[in-house]
Amino acid sequence: MTSQSSPNFSTFGFLPSSADLAEIRKYFQEIAQLPVATQAVDRFFKFWFSPFPIPDNAAASVVKELIKHQCERYFLESFQESIYLLFVSWAQSRNLEACREFLERLDRSFAPQQFTPLLLPYRVRTWFESFYSSPDYDDLRRTIALYLQSESHQPVSTRWSDRYFDFCLKSISLDRNRPLFQRQFARRLAIYLQKRFQLKLALYVARSQSQFETPEHNPTIFGDDFLQILKTILASSFSSQQYKKAQLFTRKTQRENYQKFKKILLLYLVFCAEQSETKNWISIEIGQKLNCLFARQNLNPTTDGLRLTTCNEIVNLLMTEDYQTPSSLFLKLVSRGKFLTLTSTLMKLLLVSPESRDRLEQCAAALLRYYERQPHETAKRVVPLFEILKIALAIASKDIEYSLVAVKEYSDRPGEKHLDNYRVFTQLKYDETLGF
């Protein structure tokens, strides 16, 4: 398309073609490569926020038509995509200053007291005002702020939930109602942030137990109790005994029908040498769920799809069944402070169904957004759970191997009473370059 040609909008609904929208994408891909980042920043704000008519090029022609035909959705999606294109370019070159300047200028442009787009057409102003007050802008801003915070080690936001926003990013990446560029970017940043946390955690664990190393900054919210909590997580969820139980479960259920599979799954999830009241009612609730789950399939072979769906349903039961509010089982566990019990059960599921991690992170994101809306005192009570879950998922990634090794002769398996006799050893299993 040349700068003089008109965009090929559909007669029915005036929908832009993919080629039209590609012109906007191409323009911002080009300015993202400018050697001076401030030039790209200036061009971005000139393109979107200057009084119309905007610069005369193919991308501008498409935007004019989007405005003319009231294509708000495509206008705002193109606006967001242009932000992500610039941000990815700067993140890859580690240009933190450009990211920071861009974020500050974007906030100023949308600030109610000095709303820059006042000079824009009324239609565009209302679109921008709507976008500024939407969850989409909040997610976008938090995404950039979270990256800056992780790279500069300086707090950018004071919201407690930002620490766990990688759960939301993973959830966004799995949401097919979101634009493809947003899903791809969310997944990329979520993986990047999670890997950074994994490395920081492993380095801290290694140095904090050494008399000859300078201690690293503790990457968790737990203070002096952190190592004891970590050992408890390892003993309850990632010990050699747990891996053997998971392997035994997989072997036992390979050729069983679905009804037998569900019975063995229940035994696997709730079996514990020391039974307790908590374990008993977890067993009852999961048992009731499994008993009526896909009952018509009971006599059929257990397919891989049925295994995954069943494990995902148990994740929902333990966390949120409607993706809006906590499940009754979740509330019961949290009200009793059974964070480690809940996490341990979820990790047992992941050992036999690694693909259920996506569902777990989607549920965690839904719960995070729920508790963001609750009073501070209510939210504060669940923060330790999100932290324990974050640590457990870092261990479950298998990029770094954690071992709980006895430093004194001790014949029994590690239990909470004897964890002082154990040390945690870490080993990097995959030599990957950590890059955005």
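The values are calculated or read from the model by the stated rules, or taken from the named source; none is laboratory data. Everything quoted here is computed from the prediction, not taken from an experiment. Don't worry about glycine lacking a Cβ; one is built from the backbone with ideal geometry, like all the others, and counts go over all protein chains shown.
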- Quick count over the stretch 363-378, residues being within 16 Å of R163 (Cα to Cα) and either crowded, with 18+ Cβ neighbours inside 10 Å or not assigned by TED's automatic domain parsing to the domain that holds N316 (or both), is 6
- Message: What's the total number of residues in the stretch 157-177 that are under 14 Å from R141 (Cα atoms), touching a residue at least 60 places away in the same chain (Cβ under 8 Å) and part of a loop (DSSP other than H, G, I, E, B)?
- Response: 1
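Has the stretch 278-287 got any residue that is over 14 Å from T345 (Cβ atoms), more than 28 Å from the chain's Cα centre (by Cα) and in the same structural domain as L351 (by TED's automatic domain parsing)?
No.
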- Check A206 against each of (1) among the aliphatic types (A, V, I, L, M); (2) assigned by TED's automatic domain parsing to the domain that holds R359; (3) modelled with pLDDT under 90 and name the one condition it does not meet. (2)
- Note on the structure: Subset of the stretch 180-191, residues closer than 17 Å to R141 by Cα, surrounded by fewer than 17 Cβ atoms within 10 Å (Cβ to Cβ) and more than 12 Å from the chain's Cα centre (by Cα), comes to Q184
- Task: Name the residue, out of Q198, Q242, Q194, Q288, that is exposed (fewer than 13 other Cβ atoms within 10 Å of the Cβ) and under 30 Å from S171 (Cβ atoms).
- Result: Q288
- Query: Looking at this structure, is F271 within 20 Å of the chain's Cα centre (by Cα) and either modelled with pLDDT of 95 or more or assigned by TED's automatic domain parsing to the domain that holds R381 (or both)?
  - Reply: no
- Meets criteria (of a type in the set (F, W, Y), more than 20 Å from T310 (Cα to Cα), in contact (Cβ under 8 Å) with a residue 60 or more places away in the chain and in contact with a helix residue (DSSP H, G or I) (Cβ under 7 Å, 6 or more places away or on another chain)) for F238: yes
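Does S150 meet the test of being modelled with pLDDT of 90 or more and either assigned to a helix (DSSP H, G or I) or within 13 Å of the chain's Cα centre (by Cα) (or both)? Can you show your working first?
Values: modelled with pLDDT of 90 or more: no; either assigned to a helix (DSSP H, G or I) or within 13 Å of the chain's Cα centre (by Cα) (or both): yes.
No, not satisfied.
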- Message: Scan the stretch 178-199 and tell me whether some residue there is hydrophobic (A, V, I, L, M, F, W, C), touching a strand residue (DSSP E or B) at 6+ places or on another chain (Cβ under 6 Å) and farther than 19 Å from P354 by Cα.
- Response: no
- Wholly within the stretch 304-416, helices (runs of 4 or more DSSP H) carrying at least 2 residues that are small (G, A, S): 328-335, 357-372, 383-396
- Those residues that are closer than 20 Å to S356 by Cα and of a type in the set (K, R), I need them from the stretch 284-311; list them, please. K289, R307
